[in-house]
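Here's the structure we're looking at; comments come further down.
The numbers here are math on the coordinates, done by the rules we state, and not lab data. Everything numeric in this text was worked out from a predicted model, so none of it was measured. With ideal geometry, Cβ positions are generated from the backbone for all residues, glycine too; neighbour counts draw on all protein chains shown.
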Amino acid sequence: MPRFSAIAAITLSLIGGTAVVAQTARQDGDATPPPNARYLSQPLTREIFTADPSAHVFNGRIYIYASHDIESGVPNDDLGTQYAMRDYRVLSMDRPGGKVTVHPVALDLKDVRWAGKQMWAPDAAYKNGTYFLYFPAKDKQGIFRIGVATSKSPTGPFKADPEPMRGTYSMDPHVFTDTDGTSYLYVGGIWGGQLQNWATGTYNPDAGVTDLKQDDKPALMPKVARLDASMKQIAEPLQDVQILDEQGKPVLGGDHDRRFFEAAWTFKRGDTYYFTYSTGDTHKIAYATGKSPRGPFTYRGVVLNPVQGWTNHHSATQVGGKWYVFYHDTQISGKNHLRNVKMAPLTFNADGTIQTIDPFVR
Ligand code: FUB
């Protein structure tokens, strides 16, 4: 996970003209809306900065588990060090367009024994009267792990387990529960998300800080594992989620428009599983479809075009029979690390493909 536009910075130092900077930066997904465009949707709240929305409907109410962005004072870098979040807050509403409630702190970094810093994109699940919050944070050694916390209320407060989930690593946890009741944990993110450090199965601190720089080889894939009955541990080692191109070959590392970067989110519609994800430095939310929650998935297209801001991160959820995408941008602050969550309708074509959402009305 990155967060700083090298292209924009170079343009700034070489040219320095505001108009040119805005144009170049926009191409890099890191600036203001196109001229004469307006935003497709408005922020769901202006009370606090929120990002990475994972939306769920529990007992007929919409709950959004989000990152809680703060002004950390940490300079931008390609590893996302400036995303130094310290707690989680939950948003809720009774219907799309309804009043949004910003709930009190659901989980605080200081109450997670193993965690050192950077509470990034969370997700949640429900089973047998318990709500589960899944969250990434760097441990005291600076390695991303996945934590789990539980509560009897969807808004917390959540109590974290004293150790990270065994066998987990990297970030952006997502839990999908299939129609047969089986739940799966998905994780992964390259660059600051450290997935490249686990390419051999054990942590390699010398793997580099972005991807593997093997453009002609299969890209690093997100990971999946079935959760055990407790929902607190994986029941098997994390394994690759294959994302294939139209020829059935793995998407390559150099294919930045289609390769996985971070923000995995799976949903099922009819018999089809949709695996959706961020392409990171090309700033899109892409999707691929398959016949199993484990994949393989075949690349199909773009769910959401680049938003204002470097990161693009979403969830897709059915609410009252209609599908919505929850996403974020930087409309309020204009700063990559101070984001605000939004939602917009998601439309499927008759053949199951998704109509690409443009976050701007041009
Ligand atoms: O919010 C921190 C990180 O930024 C998330 O974990 C990524 O998905 C990106 O949105």
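Listed values, structure above:
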{"read-out": "Members of the stretch 198-219 found to be buried (at least 20 other Cβ atoms within 10 Å of the Cβ) and touching a strand residue (DSSP E or B) at 6+ places or on another chain (Cβ under 9 Å), listed by number", "value": "TRP198, ALA219"}
{"read-out": "Strands (runs of 3 or more DSSP E) wholly inside the stretch 87-138 containing at least 3 residues that are within 16 Å of the ligand (Cβ to nearest atom)", "value": "87-93, 115-117"}
{"read-out": "Qualifying residue in the stretch 71-82 (condition: farther than 14 Å from LEU338 by Cα and away from the ligand (no atom under 16 Å from the Cβ))", "value": "no"}
{"read-out": "Members of the stretch 244-270 found to be in a strand (DSSP E or B) and touching a residue at least 40 places away in the same chain (Cβ under 8 Å), listed by number", "value": "LEU244, GLU262, ALA263, ALA264, TRP265, THR266, PHE267, LYS268, ARG269"}
{"read-out": "Residues that are over 23 Å from HIS56 (Cβ atoms) and over 18 Å from the mean Cα position of the chain (by Cα), drawn from the stretch 243-269", "value": "LEU244, ASP245, GLU246, GLN247, GLY248, LYS249, PRO250, VAL251, LEU252, GLY253, GLY254, ASP255"}
{"read-out": "Flag for MET231 being touching a Lys or Arg at 6+ places or on another chain (Cβ under 6 Å), outside any strand (DSSP E or B) and surrounded by 14 or more Cβ atoms within 10 Å (Cβ to Cβ)", "value": "yes"}
{"read-out": "Any hit, the stretch 46-54, residues being within 14 Å of the ligand (Cβ to nearest atom), crowded, with 21+ Cβ neighbours inside 10 Å and β-branched (Val, Ile, Thr)", "value": "yes"}
{"read-out": "Conditions (1) buried (at least 24 other Cβ atoms within 10 Å of the Cβ); (2) of a type outside the set (Val, Ile, Thr); (3) in contact with a strand residue (DSSP E or B) (Cβ under 7 Å, 6 or more places away or on another chain); (4) at negative phi; number of the one not met by GLN331", "value": "(1)"}
{"read-out": "Contacts under 7 angstrom Cβ, first residue in the stretch 144-155 being more than 17 Å from LEU227 (Cβ to Cβ) and in contact (Cβ under 8 Å) with a residue 60 or more places away in the chain, partner among the polar types (S, T, N, Q) and surrounded by 24 or more Cβ atoms within 10 Å (Cβ to Cβ), 6 or more apart", "value": "none"}
{"read-out": "Subset of the stretch 305-316 [within 13 Å of the ligand (Cβ to nearest atom), hydrophobic (A, V, I, L, M, F, W, C) and within 14 Å of LYS342 (Cα to Cα)]", "value": "VAL307"}
{"read-out": "Test: residue in the stretch 295-309 that is within 14 Å of the chain's Cα centre (by Cα) and among the charged types (D, E, K, R)", "value": "no"}
{"read-out": "Pair list, Cβ < 6 Å and 6+ apart or interchain, from the stretch 63-76 residues that are over 19 Å from PHE135 (Cβ atoms) to residues that are more than 9 Å from the ligand (Cβ to nearest atom) and aliphatic (A, V, I, L, M)", "value": "VAL74/ALA84"}
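Yes/no matrix, rows are residues, columns are (1) in contact (Cβ under 8 Å) with a residue 24 or more places away in the chain; (2) out of contact with any strand residue (DSSP E or B) (no Cβ under 8 Å at 6 or more places or on another chain); (3) within 16 Å of the ligand (Cβ to nearest atom); (4) more than 21 Å from THR179 (Cα to Cα):
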position: THR272; (1), (2), (3), (4): yes, no, no, no
position: PHE275; (1), (2), (3), (4): yes, no, yes, no
position: GLY321; (1), (2), (3), (4): no, yes, no, no
position: VAL341; (1), (2), (3), (4): yes, no, yes, yes
position: ALA350; (1), (2), (3), (4): no, yes, no, yes
